[in-house]
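Structure first, then comments.
The values are calculated or read from the model by the stated rules, or taken from the named source; none is laboratory data. The structure displayed is predicted, hence computed values, not measured ones. Cβ placement follows ideal geometry from the backbone for every residue including glycine, while neighbour counts extend to all protein chains displayed. Remember, those area values only see protein heavy atoms, side chains included, never the ligands or the DNA or RNA. Shrake-Rupley method; radii C 1.70, N 1.55, O 1.52, S 1.80 Å.
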Amino acid sequence: MMLVSVLELILGIFIVVLAFLAINVKSLIKTVMFLSAMSMLSVLAFVMMHAPDVAVTEAVIGSGLVTSLFVFTLLSVRKVERKQ
Amino acid sequence: MLQYVAIILIMLGLYGLLTQRNVIKIIISLNVLEIGLNIFIISVGYVTDGVAPIFTSTYPTNAVAFVDPLPQALVLTAIVIGVGTTALGLALAKNIYNQYGTFDLDEIKGEE
């Protein structure tokens with residue numbers, strides 16, 4: 001019981017620090033990577049609150065699909081910039 | 001414990017939504033707010049010492065204390081809708097970049 005509480009505290013501090021970095025870092029690709037890491041830690045938070053189906057969906061969609069969408073958008077935009 | 005983290009995440013998302021000038025940063029802030037809201041809704045249905053709401057051979061009856069499955073179903077829908085919102089925002093951002101050549105909202109206003 002005490003161990004779970006300490007783990008929740010550490011997890012919460014990591015999530016908040018990663019969210020702050022994701023909002024305030026200048027580089028766009030680093031921002032996307034911090035958001036992906038925060039999403040993976042939120043999967044651990046869902047598992048701790050006994051919601052395994054939400055955890056699986058968040059791991060696949062939130063951390064995989066959203067990150068790939070951001071990365072593909074940034075890559076296509078850079079290609080347009082280089083062409084002109 | 002984790003619901004305080006969720007409230008801090010919602011406040012961070014609102015702060016980023018109001019202060020950032022980059023379109024990609026605004027969509028990232030929207031995602032942070034969405035994750036915080038999902039964690040908060042899940043933590044509403046959490047029962048102390050409850051088990052996951054799945055019938056297994058270890059818990060074959062519903063006499064044990066299950067975690068509330070209704071917020072989990074709602075959050076499962078909200079995650080998918082959030083992906084749709086993010087994809088729409090990124091398509092709009094790509095159109096903005098193709099037309100104005102920048103992601104910054106302040107530079108768009110001066111250029112025209």
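Here are some notes:
- At least 50 Å² of accessible area lost relative to the chain alone, listed for segment A:6-29 with a 1.4 Å probe: A:8, A:16, A:23, A:28
- Rounded, prolate or oblate (a/c below 1.5 giving rounded, otherwise prolate when a/b exceeds b/c) for the protein assembly as shown by Cα gyration tensor: prolate
- Shown for segment B:76-90: residues covered by the partner protein chains by 10 Å² or more of accessible area relative to the chain by itself (probe radius 1.4 Å), namely B:76, B:79, B:80, B:83, B:86, B:87, B:90.
- Averaging Cα coordinates gives a centre for segment A:7-42 and one for segment B:1-41; these two points are 11 Å apart.
- Per residue value of the accessible surface for chain A (all protein chains in place, 1.4 Å probe), Å²: 55 Å²
- Excluding ligands, DNA and RNA, the accessible surface per residue across segment B:1-108 is 53 Å² with a 1.4 Å probe.
- CD proxy at 222 nm, helix term only [per DSSP H run n ≥ 4: -39500 (n - 2.57); per residue of the protein assembly as shown; nearest 500]: -25500 deg cm²/dmol
- Surface burial for A against B, with a 1.4 Å probe and both sides summed, reaches about 3700 Å² of accessible area.
- This model, with +1 at the C-beta of Lys and Arg and -1 at the C-beta of Asp and Glu, gives chain A a dipole about its Cα centre of some 660 debye.
- Solvent-accessible area assigned to carbon and sulfur over the protein assembly as shown amounts to 70 percent, based on a 1.4 Å probe.
- Compared with its chain on its own, segment B:17-46 contains the following residues whose accessible area drops by 40 Å² or more in the full protein assembly (probe 1.4 Å; ligands, DNA and RNA excluded): B:24, B:25, B:28, B:32, B:35, B:39, B:42, B:46.
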